[in-house]
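Report on the following structure.
Nothing in this text is a laboratory measurement; each read-out follows from the coordinates by a stated rule. All figures in this text were calculated on a predicted structure; none of them were measured in a lab. FYI the Cβ positions are ideal-geometry reconstructions off the backbone, even for glycines, and counts take in every protein chain you see.
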């Protein structure tokens, strides 16, 4: 099935527009049994599209992570200071590569010497249009430390450098508990040997 032929959008309206946007869709789609579904009414969170950058130092086999406050985690009843990967929203007209490099500098004070695009995925397809492009960036982790972020964007970011093994342990024991970082660190665990060979380490 494909959206062009198998989905009928009956109506779409913006029901909220603030820092983010919520659109309400009335639609129906073809079913696996044949025919069409009943009309569905669904709200979709329009957050924009993002990049995530896993900062990896192959010489030291270390990962640079960031920590910052997240209101969504607070609303869920979780500790709102999350250990994450560098990430940022792709603004209109920006190339994801440029966003990845900019966010690495703004959020961690690092400059990638190489970047590998890992892939694209949907964040929460049941209720959001947001897509994420994941990169692995080669960095010198000895240059990454301290506090970062743009004050005018309300960012208050602390950096952490840990071994690649420790990053994976943090995923296993729940210290890293957000999807973007979990996906990135697990990818590195699977691909690290190949990546190090490609980078001549």
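Quick notes
- The convex hull built on the alpha-carbon positions of the range 1-119 has an orientation-averaged projected area of 11.4 nm².
- Using a simple spin-label model with pseudo-atoms 7 Å out from Cα toward Cβ, residue 201 and residue 122 lie 3.4 nm apart.
- The relative contact order of the chain comes to 21 percent, based on Cα pairs under 8 Å that sit 6 or more residues apart.
- Computed from Cα atoms, the angle from the helix 179-198 axis to the main principal axis of the chain rounds to 50 degrees.
- With the simple spin-label model, which puts each label point 7 Å out from Cα in the Cβ direction, the residue 17 to residue 4 separation comes to 2.9 nm.
- The range 61-110: C-alpha gyration tensor shape, a/c 1.5 cut-off, then a/b vs b/c: oblate
- Helix-derived mean residue ellipticity, 222 nm - over the chain, DSSP H n ≥ 4, -39500 (n - 2.57), to 500: -7500 deg cm²/dmol
- Estimated from the Cβ-Cβ distance and a Förster radius of 25 angstrom, the FRET efficiency linking residue 98 and residue 194 is about 0.45.
- Relative protection proxy for 25-31, 5-11, 82-88, from highest mean packing down: 82-88, 25-31, 5-11 (other beta-carbon atoms within 10 angstrom).
- With Cα atoms, 0 to 90° folded angle of helix 96-108 axis to the chain main axis: 50 degrees
- Volume per residue of the C-alpha convex hull in the range 141-201, rounded to whole Å³: 122 Å³
- For the range 111-151, the alpha-carbon coordinates run over 40, 28, 11 Å along the three principal axes, in decreasing order.
- Helix 164-173 axis versus longest C-alpha principal axis of the chain: approximately 50°, rounded to the nearest ten.
- Per residue Cα convex hull volume in Å³ - calculated over the range 3-46: 70 Å³
- Calculated FRET value between residue 32 and residue 175, using beta carbons and R₀ = 35 Å, to 0.05: 0.30
- Largest first, the three principal axis extents of the alpha carbons in the chain are 57, 38, 36 Å in whole numbers.
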